[in-house]
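All remarks here apply to the structure that follows.
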Amino acid sequence: MRAILKKIKDLYYKYYYISPLDQADSAESNRLFNLFWSFIWTFLILAVFVYMIFNYKNNSSEYHVRFLFRGLTLLAFFISYILSKKFKNVAREKAYILKNIPIYTILVCAMSEASVFFYIQENHFDGILLFIGGIFVVLSVLSVTLPLFIIILATYIAMFPGFFIFWNGIGIFNFTVVLIVMLSIAFYSRLKLKRHLALLKTQKKSLVAKTFGNFTLLFDRKIVKFSRSKSTEFIAYLIYKNGSSVQTKELIAALWGDNADSARYGASLRQLVADVKHTFSELEIQNFFVAEYNNFRINPEVVQCDYYDFLAGEPKATKAFAGEFMSQYSWAEDTVAFLERKVLA
């Protein structure tokens, strides 16, 4: 029995397990995805909610159920949006769990609504669409995790008797096949993600950011040269932010000053983004620079960096710090005092 359990454990770590730290960057992508779409859907559902208040005058049970669940859906999207804002700067070790909670909030609401539509309202078709649609959207964002699987399985079990009553065996068969296909695709995507992360860890040996003294970015022991001089400072600032997403306004202030006009320098920033993307593409540097939903960041897990090693408490990095941090950039001056306090501590 012990040998069988060990075999299962080995298979789990080989084909499924990914550490939360390795998924921290994808968690930030999920957070930004949810931040954008939960904001949009909150207003759309609010419009439907207001329409129902002013146009549905009957007191039928169907109306009450619809009214209740539109309100709960609105609340779920609103809470999801607030949580996505709140979890922006959590520790990377906790990022994958905390930054995905907002998406799970919406999923639980969608699965509950699907079950209610299916039974109480006898709106079977809408119930199925909501169930399948909810799974499809979430699996396109999240990889398969145990909580996700439990939520989907619980809803499937709750709706299972209804399929037998209304559509007999053929309904159960079709429903099950669709679910298995979707989960199989999700598991396959997770396996591909594991392989991709392994390649990125190989890349990390070649991509090096030196921040103590003047900032330098190297790949295969050669300095990475951009077409625009500001591009190096752009990447330096993102490295300083340690994987946190930075919006356009903050970047313009950092690169061109607090009083820089966003309208004027927005085009300049777009040119820097294009330059960075082109340079990294030419060098085949993958998954380091990320631009999503007007947010920019780097993935700390694919670069060697003395600053990150210092923050992690590595003795070699602590000894390497000699009182200088990205010395050519004025916005980095305040960090020197912070690093000196860390050394003394």
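Brief remarks follow.
- Taking the listed residues Asn174, Asn168, the one that is free of Cβ contacts under 8 Å to residues at least 24 places away in the same chain, open to solvent by 40 Å² or more (accessible area, probe 1.4 Å), of a type in the set (S, T, N, Q) and in contact with a helix residue (DSSP H, G or I) (Cβ under 9 Å, 6 or more places away or on another chain) is Asn174, with no other qualifying.
- Residue check: Tyr63 meets all listed conditions (1) more than 28 Å from the chain's Cα centre (by Cα); (2) of a type in the set (Ser, Thr, Tyr); (3) exposed (fewer than 13 other Cβ atoms within 10 Å of the Cβ) but one, namely (3).
To keep it simple, each residue is scored yes or no on (1) small (Gly, Ala, Ser); (2) outside any helix (DSSP H, G or I); (3) touching a residue at least 60 places away in the same chain (Cβ under 8 Å).
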| site | (1), (2), (3) |
| --- | --- |
| Lys7 | no, no, no |
| Ile18 | no, yes, yes |
| Ser38 | yes, no, yes |
| Phe43 | no, no, no |
| Phe49 | no, no, no |
| Gly71 | yes, no, no |
| Ile79 | no, no, no |
| Asn89 | no, yes, yes |
| Phe117 | no, no, no |
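- Residues in segment 303-316 that are out of contact with any Ser or Thr (no Cβ under 7 Å at 6 or more places or on another chain) and either surrounded by 20 or more Cβ atoms within 10 Å (Cβ to Cβ) or without any contact (Cβ under 8 Å) to a residue 40 or more places away in the chain (or both): Val303, Asp309, Ala312, Gly313, Glu314, Pro315, Lys316.
- Breaking point among (1) within 22 Å of Val116 (Cβ to Cβ); (2) at pLDDT 85 or above; (3) of a type outside the set (Ser, Thr, Tyr), for Phe49: (2)
- Selection of first residues in segment 325-345 that are on the phi > 0 side of the Ramachandran plot and of second residues that are surrounded by 13 or more Cβ atoms within 10 Å (Cβ to Cβ) and not in a loop (DSSP other than H, G, I, E, B), restricted to Cβ pairs under 7 Å at least 6 apart or on distinct chains, gives the following pairs, ordered by first then second residue: Met326/Ala236; Met326/Tyr240; Met326/Ala332.
- Residues being in a helix (DSSP H, G or I), open to solvent by 50 Å² or more (accessible area, probe 1.4 Å) and charged (D, E, K, R) - total across segment 236-294: 6
- Any chance Leu218 is modelled with pLDDT of 95 or more and either over 25 Å from the mean Cα position of the chain (by Cα) or open to solvent by 60 Å² or more (accessible area, probe 1.4 Å) (or both): yes
- For Pro161, the conditions (1) modelled with pLDDT of 85 or more; (2) open to solvent by 30 Å² or more (accessible area, probe 1.4 Å); (3) not hydrophobic (A, V, I, L, M, F, W, C) are fulfilled apart from (1).
- Residue pairs whose Cβ atoms lie under 6 Å apart, separated by 6 or more positions or on different chains, with the first residue in segment 138-155 and in contact (Cβ under 8 Å) with a residue 40 or more places away in the chain and farther than 19 Å from Val177 by Cβ and the second open to solvent by 40 Å² or more (accessible area, probe 1.4 Å) and hydroxyl-bearing (Ser, Thr, Tyr), do not occur.
- Of all residues making up segment 78-105, the number that are over 16 Å from Ser244 (Cα atoms) and open to solvent by less than 30 Å² (accessible area, probe 1.4 Å): 3
The values are calculated or read from the model by the stated rules, or taken from the named source; none is laboratory data. The model shown is predicted, which means the values in this text are computed figures rather than measured ones. Counting neighbours? That spans all protein chains shown, and the Cβs are built from the backbone with ideal geometry, glycine included. When the accessible area is computed, the model is the full protein with side chains, heavy atoms only, and any ligands, DNA or RNA have been set aside. Shrake-Rupley method; radii C 1.70, N 1.55, O 1.52, S 1.80 Å.
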